[in-house]
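Some notes on the structure that comes next.
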Amino acid sequence: MEISASSKRKIPFFVLIAAAGHGSRLGGSTPKQYRKINGKAILRHTLDMFLSCADLQMLCVIIDPQHRSLYDDAVQGLSLAPPIEGSDSRKSSIYNGLKYFSNLDNKDIILTHDAARPFVSQENIIDLVKSAYEHQAATLAIPVTDTQRYKKRDYIDRHDLWSIQTPQAFHYGLLRKAHEQADSKTLYNDDTSLVAAIGHDIEFVPGSRMNIKITTQDDLMLAHKLMPPESETRTGFGYDVHAFEEGDSVKLCGIDIPHHKKLKGHSDADAGLHALTDALLGTIGAGDIGSHFPPTDPRWKNADSTLFLQKALALVKEKGGRLVHLDLTLICEEPKIAPYRDSMQMRVAQICGLTFDRVGLKATTTEKLGFLGRGEGIAAQAVASVCFSSHKDQRC
Ligand code: MG
């Protein structure tokens, strides 16, 4: 694959992910690459990072066929090439992958990476690819900082010691040649060992201590702490209308507003709180206010609508949601909302446990048009924003 002079900063690359191991040092019945963090397999976290790289051309995963159902579950929703069958050693598994990519040119850049390193950063990947493009063979590596010694022998000068990480990157032709010329009796820990064995230098690219390889239970615990919670914000919409009838005050957003009419309804007919309740229910797909508090149920006769809003808040919390913002618009010709706006905003904030600035409260008219314009009732529109975190112990 040719790299044009004008696009020297954009270097296309291919990736092989080694995921055929059994992770016996971690223990447990599920291989470590399929253990879950924040509800996603470790392999999936790794894949998501590579798939977010703009210059990635193709990525293939090498798996043990016995793990096929775990793999299918982990990559659900991704559009990937079929997995490559692994072998009895990392070296032969990677070689199977190299054969799969046999249509590549010798100078194409191919990366090899361990599935159990989900914390590699996009910046490190880009630096590594650039280095491999220039030097033919490169690896992420970090200098050793702990004092090193053999258990029953001398200390080792750590100043020239480096921990080798993955990904590692190579010109395709060089890596394939190294695999094909490797001594079959020698145990090679990684691909840089193979390339070094045929006399080629390896360029070190500074990696990160965050790029841990999950090997032991301690590593897995650390990975749980390092992985940022994934969160999503959902928006729910609510709308309500109540007509006027004879009365002496209107209940809106929990506040009594003196007026020569009241709102007609089975409960206190607080259209503002009803719209907010429906907006909240909308964020968790939990039906509407009528399905939770039917107007035919005598328990809700003249009920304070604060109860409805509190129930919706509890349901959202049960689902792991955190309300972050509400916005409400009241639509009517009368009564005038402005004198009561701050009180209503304060009351909604108080019911929902929000700060004043996380509640929007506005009023408008319909310029005398329609049933609202004729002063026949009040309408309310509401939007609720709720944040959900995938990590049970962490809030979004
Ligand atoms: Mg209503």
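How large is ³J(HN,Hα) for each residue in region 363-368, as worked out from phi by the Karplus curve 6.51 cos²θ - 1.76 cosθ + 1.60 (θ = phi - 60°), to whole Hz, x for Gly and Pro?
Taking θ as phi minus 60°, the curve returns 9, 8, 10, 10, 6, 6 Hz for region 363-368.
Mind jotting down the three principal axis lengths of region 231-389 based on Cα atoms? Whole angstrom, largest first.
Taking max minus min along each principal axis of the Cα atoms, region 231-389 gives 46, 35, 26 Å.
Tell me, what HN-Hα J-couplings in whole Hz come from the Karplus equation 6.51 cos²θ - 1.76 cosθ + 1.60 at θ = phi - 60° for each residue of region 238-252, using x for Gly and Pro?
3J(HN,Hα) across region 238-252, in whole Hz: x, 9, 8, 9, 10, 8, 7, 9, 4, x, 10, 6, 10, 9, 9.
For a quick check: with amide H placed at 1.01 Å from N, whose amide H comes under 5 Å from Gly360's, ignoring anything fewer than 5 positions away on the same chain?
It is Leu326, Asp327, Leu328, by chain and number.
Please compute the modelled spin-label separation between Ala197 and Arg299, points set 7 Å along Cα→Cβ, answer in nm with one decimal.
For Arg299 paired with Ala197, the spin-label model returns 7.3 nm.
What are the ³J(HN,Hα) couplings of region 281-287, residue after residue, when phi is run through the Karplus curve with 6.51, -1.76, 1.60 and θ = phi - 60°? Round to Hz, x for glycine and proline.
4, x, 6, 10, x, 9, x
Below 19 Å, Cα to Cα, which lysines can Lys264 reach? Residues fewer than 8 away in the same chain don't count.
Within the straight-line cut-off, Lys264 pairs with Lys251, Lys301, Lys336.
With the dipole of the chain worked out from charges on the C-beta (+1 for Lys and Arg, -1 for Asp and Glu) around the Cα centre, which of His171, Tyr155, Leu307 lies farthest toward the positive end?
Looking along the dipole axis, the top candidate is Tyr155.
Would you mind checking which residues have amide H under 5 Å from Val61's amide H? H placed 1.01 Å from N; only 5 or more apart, or other chain.
Ile17, Ile84
Students often forget the sequence filter, so: which aspartates and glutamates lie under 19 Å Cα-Cα from Lys130 once same-chain residues fewer than 8 apart are removed?
Excluding near neighbours in sequence, the set is Glu2, Asp55, Asp105, Asp108, Asp191, Asp201, Glu203.
Mind checking which aspartates and glutamates have their C-alpha under 13 Å from Lys40, skipping anything on the same chain fewer than 8 residues away?
Here the aspartates and glutamates satisfying the reach criterion relative to Lys40 are Asp48, Asp72, Asp73, Glu230.
Would you mind counting up the charge near Asp240? Only other residues with Cβ under 15 Å from its Cβ, with Lys and Arg at +1 and Asp and Glu at -1.
Working: positive: Lys251, Lys264; negative: Asp268, Asp270, Asp278, Asp288, Asp327, Glu376.
Taking every Cβ under 15 Å from that of Asp240, the sum is -4.
With +1 on each Lys and Arg Cβ and -1 on each Asp and Glu Cβ, how big is the dipole of the chain about its Cα centre, in debye rounded to the nearest 20?
It works out to roughly 800 debye.
Could you list Arg374, Arg234 so that the one with the fewest beta carbons within 10 Å of its beta carbon is first and the one with the most is last?
In increasing order of surrounding Cβ atoms, one gets Arg374, Arg234.
Based solely on its DSSP helices, what 222 nm [θ] is calculated for the chain when runs of n ≥ 4 H residues each add -39,500 (n - 2.57) and the sum is averaged over all residues, nearest 500 deg cm²/dmol? If you can, show how the numbers build up before the last one.
Details: 12 runs with 115 residues, N = 396.
Mean residue ellipticity at 222 nm (helix-derived): -8500 deg cm²/dmol.
Please check: in the Gaussian network model of the chain (C-alpha springs, under 10 Å), which one of Arg347, Arg117, Arg35 has the largest mean-square fluctuation.
Arg347
Under the rule of at least 5 residues apart or a separate chain, name every residue whose amide H is placed under 5 Å from the amide H of Ala141.
Gln165, Val205, Gly207
We did not get these values from a lab; they are worked out from the coordinates using the rules stated. Since the structure is predicted, the reported quantities are computational estimates derived from the model, not experimental observations. No Cβ is skipped: glycine too gets one built from the backbone with ideal geometry, and neighbour counts run over all protein chains shown.
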